[in-house]
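Scroll down for the structure; my scribbles are underneath it.
Each value in this text was obtained by applying a stated rule to the coordinates, not by laboratory testing. These numbers come from a predicted model, not from an experiment. Backbone-built Cβ (ideal geometry, glycine too); neighbour counts: all protein chains shown.
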Amino acid sequence: MWSHTAMLVPQLGFMELWFWVVQFFVGGGRIIDELVALALFGFWAYVVGYLALLRMAAAVLEETFTGTLEQSLLTPLPPTVSSLGRLVAAMTEGLVTAVIASAVTVAVFRVSIPFRWEVPILIVLTLVDLAGFALLIGGRALVVNSIGAIIHVIQGVLMLINGTYIPIYVFPDWLQVVAKFAPSTLGIDVIRRLLFTDAPLGDVWSAGALPLTMLHAAVMFALGWAVYQGAINRGLRDGSLGA
Amino acid sequence: VIPAHARAPRGNVALIVGNEVVKGIQLGWSERLQILIEMPLFVSFMLLLGYTIGTGDQILTTGHINWTLDAYRAAWLCLGIGAYTFVYLLVQKLFWRLLTDIQTGTLEQTYLSPVPPWVHIALGRPLASIVETAVVVGAMYGVTSTVVRLEFEWRLEALMPVAALIVGGVGLALMVAGLALVWKRIEMLNDLVLMLIMFFSGAGLNLDNMPVWSLPIASSLFLTHSIAGLRTVMLDGDSLAIGGTGGLVWLATTAVGWLVSGVVVFKLCEGIAQRRGTLSHY
């Protein structure tokens, strides 16, 4: 991440501006601070997801083409360690960038975000969910290379339906159901309920939102890991991880 | 030493450009599944944008928005987002395929061709991308019209803003391609530029609602005038004016200006990459 500092600045600039542009559009030509507060955690998750996808899918494809993916696996360590290292690096980069980008927005628009001790737990669950999704797309990209060209579309849709654009309770009922299948949506919605409607944790649990968030994160991570690792193992077996 | 392209018979140029176009279309065909995936996503993006633009206060006060679109608003947005999508896909396709060529080393091979290298990148590839992108945007229109009522005036005059859109779009794509030759990892910059162009061009939000300081930037963009021209002809049923936003003068000036700038940037960057010997270094 540090060696790509020159890229980090436009990265941050892009994320920041994109969020402001979206809020500017929704505000009909002005930015509404209260709406920014409601959407901020969605934006945070979008940034993490964006970079995780970029690193786990686009960067893995780059390495496939240049042949360094195969080289990185010529190690006495099992391939799972390499995959885990790559994932942790991608998520760390996403998390750091997302925190900086969110902090800039908070500073610029004087957004007030309350704190509750339960929120960090939800943040961890959301990160696990996004990590699973990045693995899933990265694994598919190893098998279907052309996925590289639609990563931007996947990232765009993630932003549209995870609550970055508008809170998901505004969506029509059917779209709320669809949105809940997307990574990070459930976690972001629970965070919004906790922080902006002062809902007690017990209520969120008994309403099923919190158990569903945990289930979604667990299933997404397990699925993503199986697909990604399956693609790596298959590539090693078939010799198809090179250019 | 005589460069290979200096020895090429002139007839070969058309053949090679034609081959490049065919290759690009074949590549597009091989990515038909990806294109099929892209299409509903772009339509969803456009519709969600249409429903939610300007609803901020309503969301805060009532917690609901009206999920309907009137025909004029839908058509207005379809023209703006459709034109933007065309440019977006044109630039993205060219960029990602060029990047693949750089990564796999096949880009250097195109420099062994008897025609000048820019012919491949500046002519053949954009032509192929234009064909592919036009199909995608056309299909987007078809899919959108099944969801919301779209009423357009189909007149030949609309070909002028479409031509300006293509010419200006190729210019922008060449700029991005040139920068990719030198700096390679510019996908984020690429996305940033495309986003700014969407914001300033009035693709989603009427220019009247934009801040005053942004209007000179909007005027300098080919996309602003192409979209305004398309809306004038296909939505309002009027003829293109000589001056003003979307007028003939602005259409021609910005389209040619962006194309020339694109060629200049591309040639400069290509020269740098060749001097450094980094056409295939990644």
Options B:170, B:128, B:113, ranked by Cα towards positive dipole end of the protein assembly as shown, top entry (Cβ charges): B:113
Between helix B:11-30 and chain B: long-axis angle, C-alpha atoms, 0 to 90°, nearest 10: 50 degrees
Computed FRET value (nearest 0.05) for residue B:278 with residue A:219, which takes r as the C-beta separation and R₀ as 35 Å: 0.20
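Which order do A:228, B:84, B:72, B:51 fall in if you start with the one that has the fewest other Cβ atoms within 10 Å? Walk me through the intermediate numbers first.
Working: A:228 27, B:84 24, B:72 13, B:51 21.
Taking fewest neighbouring Cβ atoms as first place, the list is B:72, B:51, B:84, A:228.
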Local electrostatic count at residue A:107 - Lys and Arg +1, Asp and Glu -1, tallied over other residues with Cβ under 15 Å: -1
Nearest-20 debye value, the stretch B:86-199 charge dipole, Cβ charges on Lys, Arg, Asp, Glu: 140 debye
The stretch B:99-189: GluC sites (Glu not before Pro) in DSSP coil with no more than 11 other Cβ atoms inside 10 Å: B:151
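Counting pairwise Cα distances across the protein assembly as shown, what percent come out greater than 44 angstrom?
Working: 22515 of 137550 pairs.
That tail contains 16 percent of the Cα-Cα pairs.
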Taking B:236, B:208 and counting other C-beta atoms within 10 Å, the order from fewest to most: B:208, B:236
All Cα pairs of the stretch A:12-138, percent lying beyond 20 Å: 52 percent
For the stretch A:98-114, 3J(HN,Hα) per residue [Karplus equation, 6.51 cos²θ - 1.76 cosθ + 1.60, θ = phi - 60°, Hz, x = Gly/Pro]: 5, 5, 5, 4, 5, 4, 4, 4, 4, 5, 5, 9, 6, 7, 9, 10, x
Farthest toward positive dipole pole in the protein assembly as shown [+1 Lys/Arg, -1 Asp/Glu at C-beta], among B:17, B:189, B:55: B:17
Translational diffusion of chain A, µm² s⁻¹ [Kirkwood Rh, Cα pairs; Stokes-Einstein; 4 °C; 1.567 mPa s]: 70 µm²/s
Intensity falloff of chain B expressed as log10 I(q)/I(0), Debye formula with alpha-carbon point scatterers, at q = 0.06, 0.09, 0.11 Å⁻¹: -0.21, -0.47, -0.68
Residue among B:173, B:128, B:158 with the largest mean-square fluctuation in a Gaussian network model of chain B, springs linking Cα atoms under 10 Å: B:158
Assigned charges on the beta-carbon of Lys, Arg, Asp, Glu; the protein assembly as shown dipole about Cα centre (debye): 1100 debye
Summed side-chain charge close to residue A:118 - residues other than residue A:118 whose Cβ falls under 13 Å, Lys, Arg +1, Asp, Glu -1: +1
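Order of A:100, B:59 from fewest to most other C-beta atoms within 10 Å? Mind dumping the intermediate values first?
Numbers: A:100 16, B:59 22.
By the 10 Å Cβ count, ascending: A:100, B:59.
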Reachable lysines from residue B:23, criterion Cα separation under 30 angstrom, eight or more residues apart if same chain: B:93, B:184, B:267
Values of log10 I(q)/I(0), in the order q = 0.15, 0.16, 0.20, 0.29 Å⁻¹, for the stretch B:220-282 under a Debye, Cα-only, solvent-free model: -0.56, -0.59, -0.72, -1.08
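What percent do you get for the relative contact order of chain B when only Cα pairs under 8 Å and 6+ apart count?
Details: 342 pairs, mean separation 74.4, N = 282.
For chain B, the relative contact order is 26 percent.
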Alpha-carbon Debye profile of the stretch B:111-260, log10 I(q)/I(0) at 0.08, 0.14, 0.15 Å⁻¹: -0.26, -0.79, -0.89
Size of electric dipole in chain A: Cβ of Lys, Arg +1 and of Asp, Glu -1, about Cα centre, debye, nearest 20: 140 debye
